[in-house]
């Protein structure tokens, strides 16, 4: 396989897996930057896997740049569909960032896609 040229596409797949209560679940928020340029700043609607486990993902096609690093940051936004006022409606103070140096993009290009899991299993207790 040949080395990519600047501008060649690289596919980045980010996933977040977490546990929360089925009432008022929080939503993951991805911030993806290449160098200092924001590519994605988005709250993702997760898929419910079972009563308490949620998974969200974001796929982004990036242009290869040997000099720029990628930073993927995951936080959580408070729930928006409030059903019961007596239950907690806050989001956890959680931030996790993964950085890939510019030369790491070569590996991403060679693999054609790469999954970055930027989460821990979190249980958010609402009370």
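Condition test on residue 28, is it more than 16 Å from residue 98 (Cβ to Cβ) and either surrounded by 12 or more Cβ atoms within 10 Å (Cβ to Cβ) or free of Cβ contacts under 8 Å to residues at least 40 places away in the same chain (or both)?
Answer is no for this residue.
Let's see how each residue does on (1) free of Cβ contacts under 8 Å to residues at least 24 places away in the same chain; (2) under 25 Å from residue 11 (Cα atoms); (3) in contact with a helix residue (DSSP H, G or I) (Cβ under 9 Å, 6 or more places away or on another chain):
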| residue | (1), (2), (3) |
| --- | --- |
| 41 | yes, yes, no |
| 54 | no, yes, no |
| 62 | no, yes, yes |
| 79 | no, no, no |
| 91 | no, no, no |
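Considering only region 85-102, state which residues are modelled with pLDDT of 80 or more and either exposed (fewer than 13 other Cβ atoms within 10 Å of the Cβ) or closer than 12 Å to residue 23 by Cα (or both).
Answer for region 85-102, where residues must be modelled with pLDDT of 80 or more and either exposed (fewer than 13 other Cβ atoms within 10 Å of the Cβ) or closer than 12 Å to residue 23 by Cα (or both): 93, 95, 97, 99.
Please tell me if residue 40 is under 14 Å from the mean Cα position of the chain (by Cα), more than 19 Å from residue 99 (Cα to Cα) and assigned to a strand (DSSP E or B).
When the stated conditions are applied, residue 40 does not pass them.
Keeping to region 43-80, report how many residues are outside any strand (DSSP E or B), touching a strand residue (DSSP E or B) at 6+ places or on another chain (Cβ under 7 Å) and modelled with pLDDT of 85 or more.
5
The values are calculated or read from the model by the stated rules, or taken from the named source; none is laboratory data. Only a predicted model underlies this, so the values are computations on that prediction, with no experimental measurement involved. Cβ sites come from the backbone with ideal geometry, for glycine too, and all protein chains shown count toward neighbours.
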